[in-house]
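Visitor: Before I ask anything, let me first share the structure, which is written out below as structure tokens.
The values are calculated or read from the model by the stated rules, or taken from the named source; none is laboratory data. Quick caveat, the model's predicted, so the values are computed rather than measured. Every residue, glycine among them, receives a Cβ derived from its backbone with ideal geometry; neighbour counts consider all protein chains shown.
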Amino acid sequence: MEELKNKMTSLHQESFSKRLDFYWRSIAVYSIILIVYSLLRGSFEYNQLTMEINEPLVILLAFFICCTAIMLFINYYKRLSIIIGKDFITFKSRFREKIYRVADIQKIALGKDRINRLRVTHRVIKIKLNNRRKSLKIRPSSFLNEGRLVQSIARLKKDLNK
């Protein structure tokens, strides 16, 4: 009977992967700016485009492209994800996995987080745990299927209140 219950629990779990499209979009934008700048500032000599590599803007754009590409590969390698089941939430990466049961969760707050000095608000989920001083913060917009993630957390919150 216990084995059947474990199988049913594993069937009712949803996985949400970290969104990585921000990185490749940034790489594309920086690359386009670098190409446009090189076309505007470069000179054509003997059917070749020549350009100064020492210019500060070229160095800065190349630095942004390299840093963004490195962060893309690091985050792709880590494979961050959240798995939400019927009575647990799991934070998983390639290297470790941390499971929090409903009994470990004290409170779940669905709200909006205001960025200082800006009027922009982002949706944020705060999970207060029994054994931690600070609450866990999840930004659903950082994960794929953010609407389903919020619904799953809301379902978990409803189960927590029972």
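Visitor: If you go through segment 117-132 one residue at a time, do you hit one that is assigned to a helix (DSSP H, G or I) and surrounded by fewer than 14 Cβ atoms within 10 Å (Cβ to Cβ)?
Guide: Checking segment 117-132: not a single residue is assigned to a helix (DSSP H, G or I) and surrounded by fewer than 14 Cβ atoms within 10 Å (Cβ to Cβ).
Visitor: Starting from segment 12-25, take each residue that is surrounded by 14 or more Cβ atoms within 10 Å (Cβ to Cβ) and list its partners that are part of a helix (DSSP H, G or I) and among the β-branched types (Val, Ile, Thr), counting only C-beta distances under 8 angstrom and pairs at least six apart or across chains.
Guide: Pairs found: Tyr23/Thr68.
Visitor: Moving on. Counting just the residues of segment 81-116 that are small (Gly, Ala, Ser) and not in a strand (DSSP E or B), which one comes out modelled with the highest pLDDT?
Guide: Among them, the one singled out is Ser93.
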